[in-house]
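Colleague: Dumping the structure here so I can ask a few things about it.
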Amino acid sequence: MNMQYRQLGKSGLKVGALSFGAWVTFGKQIGDPVARKLLHTAYDAGVNFFDNAESYADGQAEVVMGAILKKSGWRRTSYMVSSKVFFGAKGDRPNEDGLSRKHVVEACHEALARLQVDYLDLYYCHRPDPSVPVEETCRAMHDLIVQGKVLYWGTSEWGAAQIEAAHAVCDRLLLHHPVVEQPQYNLFHRSRVEREYAHLYLSPGLGTTIWSPLASGLLTGKYNKGVPKGARLDTPGMEWLREEILKKPGVEARLAAVPRFAAIAKGLGTSLPCLAIAWCLKNPNIGTVILGASKLEQLEENLGALEVVEKLTPQVMRDIDAISGPVAE
Ligand code: NDP
């Protein structure tokens with residue numbers, strides 16, 4: 001299988017169309033040997049971006065990933081690794097979360113130690129923080145870049161107006177601009193990426209690394225007959241996500257759409273997860289689709305999505321749209 005590489009927005013970075021992330025799995029749902037197999041399989045398939053965050057398993061996801069990277073023997077130049085700041089890793093005293101200069105800098109230092117790397121390739125503001133002036137956050141990110149601790153910075157789930165405000169500050173104060181946004185994007189969650197950000201792709205040239213391409217597993221069909229044992233929404237500590245996904249208004253319509261997507265996948269000779277991921281890849285404004293997996297077979301299957309993109313003809317895209325459009329946010 002041949003990985004395709006895409007330019008990340010207007011930055012000089014080239015990122016594999018598929019990348020791999022640690023949320024829920026590393027340091028939590030899966031053992032370290034499985035995590036190691038997943039990371040190695042991804043790397044061997046040409047994945048060059050591994051996504052992480054201070055808050056994943058309260059920092060433990062970075063510890064697990066860092067140990068694997070350290071032992072891998074891979075050239076540091078051959079992959080990118082990220083962290084994200086906002087939710088905090090441990091502790092709930094003031095300044096142990098959020099986007100103040102203090103937390104942005106301290107969280108970076110902690111992520112570097114946990115990941116056992118000298119610099120983060122990408123460092124994201126995991127959510128906007130209305131309690132902190134955006135100038136303060138932009139300058140903290142800029143300073144980390146100047147110090148060589150971070151190469152590029154970005155945002156995650158910031159509104160278009162908030163991203164534009166950050167660019168305006170960086171223009172005014174001559175600071176390094178954010179280059180990337182990490183939004184949710186899948187067949188059930190489209191409007192921010194397709195409409196709200198539409199004007200940002202050309203200028204300032206927003207890059208995207210999108211999350212939950214399978215809507216946490218909803219787009220595999222596994223939740224159409226209840227919650228299977230051991231699946232993400234059955235994982236202790238993830239009750240909030242189970243509520244959010246399975247109790248949200250419109251969930252019946254979304255679940256009813258799943259077999260209809262599956263029928264299209266079958267007609268193309270592929271699986272539902274591959275169809276859902278390939279559909280994300282089809283959008284030219286997507287830099288990379290971040291995959292998640294708790295089992296090796298899942299990752300191996302999902303990497304096959306690269307070959308499905310060419311099967312998504314204009315007619316197939318219209319058929320998918322007819323199902324997705326009415327049920328997607
Ligand atoms: P997905 O929506 O693809 O969900 C991944 C989960 O779906 C797996 O862990 C597995 O869960 C299940 N799954 C995956 N493939 C298959 C398959 N072929 N068959 C059956 N089940 C499958 O992606 P994530 O939600 O994990 O998001 C990907 C990455 O994006 C994260 O790891 C993280 O790095 C990033 N992210 C960023 C966020 C942000 O706010 N910036 C938020 C969320 C994620 P199981 O086996 O447990 O059922």
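The values are calculated or read from the model by the stated rules, or taken from the named source; none is laboratory data. Owing to the predicted nature of the structure, the values given are computational and were not obtained by experimental measurement. Note that we place each Cβ from the backbone using ideal geometry, even for glycine, and neighbour counts take in every protein chain shown. Just so you know, the surface numbers come from the protein's heavy atoms only, side chains and all, with ligands and any DNA or RNA stripped out. Shrake-Rupley method; radii C 1.70, N 1.55, O 1.52, S 1.80 Å.
Colleague: Identify, please: which residue in segment 191-226 is within 13 Å of the ligand (Cβ to nearest atom) and open to solvent by 50 Å² or more (accessible area, probe 1.4 Å) and is, among those, farthest from Val179 (Cα to Cα)?
Modeller: Looking at residues that are within 13 Å of the ligand (Cβ to nearest atom) and open to solvent by 50 Å² or more (accessible area, probe 1.4 Å), I get Asn224.
Colleague: List the helices (runs of 4 or more DSSP H) that sit entirely inside segment 245-319 and contain at least 2 residues that are in contact with a helix residue (DSSP H, G or I) (Cβ under 7 Å, 6 or more places away or on another chain), hydrophobic (A, V, I, L, M, F, W, C) and open to solvent by less than 10 Å² (accessible area, probe 1.4 Å).
Modeller: Working: elements: 251-267, 272-282, 296-303.
Result: 251-267, 272-282.
Colleague: Based on what the data block shows, is Gln315 over 18 Å from the mean Cα position of the chain (by Cα) and polar (S, T, N, Q)?
Modeller: The answer is yes for Gln315.
Table: residues versus (1) aliphatic (A, V, I, L, M); (2) farther than 30 Å from Ala165 by Cα; (3) at pLDDT below 95.
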site	(1), (2), (3)
Met65	yes, yes, no
Thr77	no, yes, no
Ser82	no, no, no
Asp92	no, no, yes
Ala107	yes, no, no
Ser131	no, no, no
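Colleague: Do we find a residue being surrounded by fewer than 23 Cβ atoms within 10 Å (Cβ to Cβ), near the ligand (Cβ under 10 Å from one of its atoms) and more than 23 Å from Val308 (Cβ to Cβ) anywhere in segment 29-41?
Modeller: yes
Colleague: Here is a further query. Which numbered condition in (1) more than 11 Å from the ligand (Cβ to nearest atom); (2) open to solvent by 10 Å² or more (accessible area, probe 1.4 Å); (3) closer than 21 Å to Trp211 by Cα; (4) assigned to a helix (DSSP H, G or I) is the only one that His109 fails?
Modeller: (3)
Colleague: Val15 fails exactly one of the following numbered conditions: (1) more than 14 Å from the ligand (Cβ to nearest atom); (2) touching a residue at least 60 places away in the same chain (Cβ under 8 Å); (3) open to solvent by less than 50 Å² (accessible area, probe 1.4 Å); (4) over 23 Å from Gly217 (Cα atoms). What is the number of that condition?
Modeller: Answer for Val15: the failing condition is (1).
Colleague: Pairs, please: C-beta under 8 Å, at least 6 apart or cross-chain, first residue touching a residue at least 12 places away in the same chain (Cβ under 8 Å) and in segment 113-128, second part of a loop (DSSP other than H, G, I, E, B) and among the polar types (S, T, N, Q)?
Modeller: So the pair list comes out as Leu115/Asn52; Tyr124/Ser156; Tyr124/Gln182; Cys125/Ser156; His126/Ser55; His126/Ser156; Arg127/Ser156.
Colleague: Taking Gln184 as meeting all but one of (1) open to solvent by 10 Å² or more (accessible area, probe 1.4 Å); (2) closer than 20 Å to Cys280 by Cβ; (3) out of contact with any strand residue (DSSP E or B) (no Cβ under 9 Å at 6 or more places or on another chain), write down the number of the exception.
Modeller: For Gln184, the exception is condition (3).
Colleague: From Tyr79, Tyr124, grab the single residue that is surrounded by fewer than 23 Cβ atoms within 10 Å (Cβ to Cβ) and within 16 Å of the ligand (Cβ to nearest atom).
Modeller: After ruling out the rest, the residue left standing is Tyr79.
Colleague: Could you please let me know if Gly237 is open to solvent by 10 Å² or more (accessible area, probe 1.4 Å), more than 8 Å from the ligand (Cβ to nearest atom) and in contact (Cβ under 8 Å) with a residue 12 or more places away in the chain?
Modeller: Yes, satisfied.
Colleague: So which of Gly221, Gly207, Gly269, Gly237 ends up being within 15 Å of Phe188 (Cα to Cα) and small (Gly, Ala, Ser)? Break it down into steps so the answer makes sense when it comes.
Modeller: Numbers: Gly207 fails: within 15 Å of Phe188 (Cα to Cα); Gly269 fails: within 15 Å of Phe188 (Cα to Cα); Gly237 fails: within 15 Å of Phe188 (Cα to Cα).
Selected residue: Gly221, the only one of Gly221, Gly207, Gly269, Gly237 that is within 15 Å of Phe188 (Cα to Cα) and small (Gly, Ala, Ser).
Listed here are the residues, each with its yes/no results for (1) hydroxyl-bearing (Ser, Thr, Tyr); (2) out of contact with any Gly (no Cβ under 7 Å at 6 or more places or on another chain).
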site	(1), (2)
Gln4	no, yes
Leu18	no, yes
Trp23	no, no
Val64	no, no
Ser78	yes, yes
Ser82	yes, yes
Ala89	no, no
Asp92	no, yes
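Colleague: Test Phe49 against the stated conditions and say whether it is crowded, with 22+ Cβ neighbours inside 10 Å, within 19 Å of Met238 (Cα to Cα) and within 15 Å of the ligand (Cβ to nearest atom).
Modeller: Answer is no for this residue.
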